[in-house]
Amino acid sequence: MDRLEAMAMLVSSVEEGSLSAAARKLNIPVATLTRNVNDLEALVGTRLLIRTTRKLALTDVGAEYVATAKRILEEVDELERRAAGEFTTPRGELVVASPVQVARLRVLPVVNQFLALYPEIRIRLVQSDRIIDLVDVHADVAIRVGRLRDSSLVATRVGALRVVTVASPTLLDKYGWPETPEDLRELPCVVFDSPSLSPWRYRSQDTGQIYTIADVPRLLVSSPDAAVDAAIDGIGVTFILEHDVHEAVIAGKLKYILQDFEIEPIPVHVVYLSRAAMPAKLRRFIDYAVPKLRELLAEFGRIPSA
């Protein structure tokens, strides 16, 4: 048994949720993977996995062992990449994480341009509107929208995204223009279920304090595109990032409302884990992406509501 190989199989099994799924990912027979995991448990002298018909679970010892195994495998991988010249020559796979819509509108154009410049680099773009743990998904760098909480990350601010409230002309003709956020309680609302945008927040004109408006949505959706489409159709008012509605506003399909009550734009950062030595591929990407993203995020200006 190759111990490192068996550790990698164990980690993959846990990440994939089953031995068969891990075997498919690694392109090896299930019997081979099972034998290696069993041999690893025999070597350790205790059970690491609890196998059920539905999924895998870790024993207490297994959870600690897998966490340590991940760290060992990452250190070995880094040593091999250093020996292969990846720390001096930009090559290999780079994993970039980003919110879905930010990835589509802002990150992907930068990624495409970067790949054209560095033919020996491959990029895996992980798109999710949930906060992604860089270690869990083995990401090299991430674009984060919102306030940063993890102090272990190195962060570079690249801009901010304005948060706006919009409604269709048809809906405004029917209900009238709201003068304050409290007026939204009388209007149907379309809510995009996002950590950065829930609950709806506004700034008091009198005190400058931030307060929230919580209401039962007429429609709750899990993507910004769905929220925008529903708002265009007159289903309700929605609270969204400006770049998601920019084209609809320009086309006259939506109107900005309650602009005087808007909160400060949400910051956007490029973040990565602090490490003793940074691979050339990551350094080149950061050096290239930061100014490009700053340029793209600076495009939007304040558009009058009428």
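Considering only Gly176, Ile132, Thr68, and ranking their Cα positions along the charge dipole of region 64-208 that arises from unit charges at the beta-carbon of Lys, Arg, Asp and Glu, the one farthest toward the positive end is Gly176.
Averaging Cα coordinates gives a centre for region 97-115 and one for region 200-272; these two points are 22 Å apart. Straight-line cross-link reach from Lys253 at under 25 Å between alpha-carbon atoms covers these lysines, not counting any fewer than eight positions away in the same chain: Lys174. Considering only alpha-carbon pairs that sit under 8 angstrom and 6 or more positions apart, the relative contact order computed for the chain is 21 percent. Recomputing Cα extents along the principal axes in Å from the coordinates shown identifies the correct label among [x] 72, 46, 35; [y] 58, 49, 39; [z] 58, 44, 38 as [x]. Taken about its Cα centre, the chain carries a charge dipole of roughly 640 debye when the Cβ of each Lys and Arg holds +1 and the Cβ of each Asp and Glu holds -1. Only helices enter this figure: runs of n ≥ 4 DSSP H residues, each worth -39500 (n - 2.57), summed and divided by the residues of the chain, yield -11500 deg cm²/dmol at 222 nm to the nearest 500. Sorted on the mean count of surrounding Cβ atoms within 10 Å across their residues, most packed first, peptides 109-116, 255-262 read 255-262, 109-116.
Helix check for the chain. Which DSSP H runs span at least 18 Å along their own axis by Cα, with a mean Kyte-Doolittle hydropathy no less than 0.0?
Values: long enough: 3-16 (19 Å, 0.49); 30-44 (21 Å, 0.51); 60-83 (35 Å, -0.52); 280-297 (25 Å, -0.05).
Qualifying helices: 3-16, 30-44.
In this structure, the amide hydrogen of Val141, modeled 1.01 Å from its nitrogen in the peptide plane, lies closer than 5 angstrom to those of Val95, Ala97, counting only residues at least 5 positions away or on a different chain. Sequence-distant contacts, meaning Cα pairs under 8 Å at least 6 residues apart, place the relative contact order of region 3-83 at 30 percent.
A straight Cα-to-Cα reach below 26 Å connects Lys281 with the lysines Lys25, Lys70, Lys292, residues fewer than 8 places away in its own chain not being considered. The protection proxy used here, the mean number of other Cβ atoms lying within 10 Å of each residue, ranks peptides 235-248, 23-36 as follows, highest first: 235-248, 23-36.
Throughout, read-outs are computed from the coordinates displayed, never taken from laboratory work. Remember, predicted model here, so these are calculated numbers, not experimental data. In this analysis, Cβ positions are derived from the backbone assuming ideal geometry, glycine residues included, and neighbour counts consider all displayed protein chains.
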